[in-house]
Structure formats: structure tokens, C-alpha cells
Amino acid sequence: MATKIINKTVTEFSLRITRCFFVPSKTIQTNATLFQERLETSITNVEEQLPTTIRPPLPIIHSRKLAFPPKFKAPRQVWVSNMDTVEEEKLGLIDLHPEVFAERPRVDIIHENVRWQQLYRHVSYANTKMRYEVRGGGKKPRQQKGSGRSRHGSIRSPIWRGGGIVHGPRSPTPYFYMLGFNTRLNGLRSTLSAKLAQDDLHIVDSLDIPTDDPSYLEKLVEERGWGPAVLFVDDNDIMPLNITAASDSHGHYNLMPVYGLNVYSMLKHHTLVLTLAAVERLEERLLFHLNRNDAASAGQKYRLDSV
Amino acid sequence: MTSLLGSMISTLGMALRYRPLIGVSSQVSKANALFNPELTTVRFRYHADKVAKGPVPRRHGYEEKLFQSGLLPRKVSVDKALPMPTYKPKNSWNEKRALFGQNDYIDILGPSNEISQKTLHPTQLLYHVPPWLRGVQGNEYQVLLRRRKFVQKKGYALGHPTKWATLNTRIKKLYTYLNHKTKSPFWKHS
């Protein structure tokens, strides 16, 4: 029963692609109304319209408790930035679990994961007809002996032009296979670790931005030196209105919930931006799977019609 | 001893040239350069510089037989180049391509039932694959058997008589071929 409910949520919300789905949150509405008031006075400069952000003395975010505290590895520390202003303001410093973000990146596992993602959903619909499927070819073209020409039984034999194909593609051909549970788990860990190690991972407090102007996001990404393509990951699959509207026109700024995260997307986008809530959720999930005591049942081979 | 050292130096002469040797003349200092923990080799040649100078030649010795330059094919009478489709680069960031692979790890990262620990499986999200083909891994014979199983209940034989006949013929032929003409895999022999 629970699984069915989850299924409905996923199909309704996440796969409709989150960047088109928005609900105005409480904090954003106040900024939006302010924005509207200023628009009425017909000021065209975006920077002038942004309300100044008033913050308590920094650092706001002090520490973070790690689940399954690491015994022999040091936690990695990262800055937590803001999305309120174009310029980066560091709100604090947090710890990241080394089992998730500081694993030695295994390039072969990453490759396996990318290959699996590309292939497991692929179905080839290429088809060729066999000699008995091609139209015609039931009659013997000429008598066996006497004509002086070669002997044939059918005009659709594979040696004839227009004849059937012997070992050609047969539709539909599925290329489905399931990669091992731990291989996929380690693929995620390797990719996250690689992203952090290569300075392509950034943490923000939340995805609330002051305007829905696409140029705000452009300027922000340009100012901070984030890659041309950025993947924003939040815990909830319903994203704030402003960032949804701002990123909608840009195909290379994409929003994703934590359950939608995958190796291919992380590699396709240059920069990965996680919210604090997303980090909590991601770590909780990955550490749960690493430390569960019924891992054998979870890592069992996939059986058809079992799910 | 010295001859051995001399042979070592001569064979490693190329390596020596690229090692930083300061004020070297005697064989002893050269021997030092062969193994000296204080010295280290420094990379100074990069493939990127070679590429920057110009295209790196590939397939040395291969002679291209297709025209690489000159006029495009055209009709002599009209003297106008044959129409070619205008090149339109693919949009790498359209919705489908930008979000490719989303939800593939939903069984790891998605919520799980607190009691049974059950999650959604990526095979449940293969909406663009026919329902009878989701999560199916097999050869043509196995796939066709599954197709027949799914299709025979819905009155497929009445609605698509030719396709039903083709399906059954194909299964029969594959049965004969696989069981009478081919050997079972080595791991099936006892």
C-alpha cells in the first residue's frame, strides 16, 4: 500500500520535470510583493529592485552532526553559501561524511554506472524480415533442370536481392540488465567524491532566490565561477517558484530532487549544488544502505515480475 | 664495475639528457643522477601543446580515396550544387537530454517503507518501454514467449490474425533451431 502511494507521488510530481512545477512558498511571496511594488515605479535595473538581505552576524550555520560517525577518516569541511545575492556570502562551515563524499573515486565503477544508465532502458526496434516473412516467394521460380540457369526454390531466399535477412535484427530487442546494488551505490559515492575533490560541489542553505529573472541566475553562476551547466538538488521535489521560473528558459540549469540524483546527470552538469536539506537526506540514505544489517536481501539479484 | 656503469650510462643516455644535472662532467656525478633520491624528473612535454600546433595526424600511411576538396557534386546542365540538408546541431540541453537518467537510483535514494524497507524500483519507471518488456532480459525466443503470454488473453488472435500467426511460426522455428540445430551453452551441460 505504501509503495503504491509513493508511486503516485513520483509519477505526478517528479517525472513531470520539477523545473515546470512550482508552489509559491511563504518567504518568497513577501519578496515577490516587494518586487511587484518596485516594478510599478518602473525601474528597469534588476539590481536596484532586489531588497537588501539583512542577516544576523555570520556564521549562521555552525556545525552538523554526522550519522554513523566515522572512526578512522576525517570528515570533509565545506562552506555553506547563499542564493539571496549574486555575490557569494559564506554562511558557515559544515562537515560532510567521508564515507559518502571522500571515497576514492573508482573511475571503472563510474563508467559501469553510466553505461548501465544508457543501456538498461534501451530497446532496439530495428527489424528485418526472414525469408518466410517477406511477401511472396512460395513458388519455385523455374524448374530444377533444363534451363541451364542456377537452381532456386524461392525468390525470397537470402541470396536473392529483396530476399529475407538471415541473422538480422529482430524487433524488439531489449538491452536491459541490472547493475549490482552495491555497484550503483558505490557509483554514487565515487561521483560525489570526485565532484567534491574537483571543486564542482557547492552547498547552499536553500534554493530561494529574490527574483524570477533568468538573468539573475546567469549573473550568479558567472560571478561564482560555477560551470556552464549547474544541477540544483533539493530535498523536496516541489521547488520554489522563483528558481523554477528563472531556470525554465535555460536548459543547462536544472532542478532535481534527491531521489532523482544519478551518476549520468552529475557528470553531464559541470557543477552540482546541494541544499543543506539535500545533503542531510543524501547522507542519511547512503549511510543507511551502507550500514543496514539486511544488506543481503537488498543486494539480491533482480528477478522479473518481482517488483 | 666501471664498464657496467658505463653501459648503464650509455643505455640511459636519453633519460639523462632530460634530468637536471648541475655542473656534471665526471661519471660519478652521472651515476649519482641515475639514482639520486633528491632528484626528480619534471614533465615538460604535453600532448596539449602538440595539439595546439595543429591537427595531430592519425592513420599514418593511410591514403584517403575520397575527394577531400573541390566542388561539391552538381548537375552539369544546370550548374547548381545539389541540395544538401541544412545542418541543425542537436540541442544537448533539451528537456529529455538534460534530465536523462533521472530517478534511476530511486531504489537507493528514494524513500523506503519503514517496516518492509521496500522502495520503488527503476524498472517500475520505464514508461516508454512496452509493459510486457519492462525489466526483461533475454534472447529473441524468451522475449517472444513472453509476448505471446501477454497477448493471447486479449483476443490478439482475432484482432491481428497475421501477426499472431507470424508470432507462433517464429516461436516454432526458433524452438526447432535452438533445440535441434544448436548446442546448449557449456554451463548447461552437467
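The values are calculated or read from the model by the stated rules, or taken from the named source; none is laboratory data. All values reported here derive from a predicted model rather than from experimental measurement. With ideal geometry, Cβ positions are generated from the backbone for all residues, glycine too; neighbour counts draw on all protein chains shown. The accessibility values were calculated without ligands, DNA or RNA, using every heavy atom of the protein model including side chains. Shrake-Rupley method; radii C 1.70, N 1.55, O 1.52, S 1.80 Å.
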So in the range A:150-174, with the set limited to residues that are open to solvent by less than 30 Å² (accessible area, probe 1.4 Å) and within 14 Å of another protein chain (Cβ to nearest Cβ), which one is farthest from the chain's Cα centre (by Cα)? A:G164
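Table: residues versus (1) surrounded by 17 or more Cβ atoms within 10 Å (Cβ to Cβ); (2) at the interface with another protein chain (Cβ under 8 Å from one of its Cβ atoms).
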residue: B:L82; (1), (2): no, no
residue: B:T86; (1), (2): no, no
residue: B:P89; (1), (2): no, no
residue: B:E95; (1), (2): no, yes
residue: B:G110; (1), (2): yes, yes
residue: B:K118; (1), (2): no, yes
residue: B:A157; (1), (2): no, no
Which one of the conditions (1) over 20 Å from A:P172 (Cβ atoms); (2) in a helix (DSSP H, G or I); (3) more than 7 Å from every other protein chain (Cβ to nearest Cβ) does B:Q142 fail to meet, given that it meets all the rest? (1)
Could you run through the range A:218-238 and say how many residues are modelled with pLDDT of 95 or more and touching a Phe, Trp or Tyr at 6+ places or on another chain (Cβ under 6 Å)? 1
Just name the residue that is nearest to A:W79 (Cα to Cα) out of those in the range A:175-199 that are touching a residue at least 40 places away in the same chain (Cβ under 8 Å) and open to solvent by 40 Å² or more (accessible area, probe 1.4 Å). A:A197
Conditions (1) in contact with a helix residue (DSSP H, G or I) (Cβ under 6 Å, 6 or more places away or on another chain); (2) under 30 Å from B:K163 (Cα atoms): number failed by A:T173: (1)
Go through the range A:109-142 and report how many residues are open to solvent by less than 50 Å² (accessible area, probe 1.4 Å), in contact (Cβ under 8 Å) with a residue 40 or more places away in the chain and either of a type in the set (G, A, S) or under 12 Å from A:Y177 (Cα atoms) (or both). 8
Would you please name the residue that is modelled with the lowest pLDDT, looking only at residues in the range B:69-119 that are closer than 21 Å to A:Y259 by Cα and aliphatic (A, V, I, L, M)? B:I115
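Does A:E99 satisfy being over 30 Å from B:L144 (Cα atoms), in contact (Cβ under 8 Å) with a residue 40 or more places away in the chain and exposed (fewer than 13 other Cβ atoms within 10 Å of the Cβ)?
For A:E99, the condition - over 30 Å from B:L144 (Cα atoms), in contact (Cβ under 8 Å) with a residue 40 or more places away in the chain and exposed (fewer than 13 other Cβ atoms within 10 Å of the Cβ) - is not met.
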Given the conditions (1) modelled with pLDDT of 95 or more; (2) open to solvent by less than 50 Å² (accessible area, probe 1.4 Å), every one holds for B:L145 apart from (2)
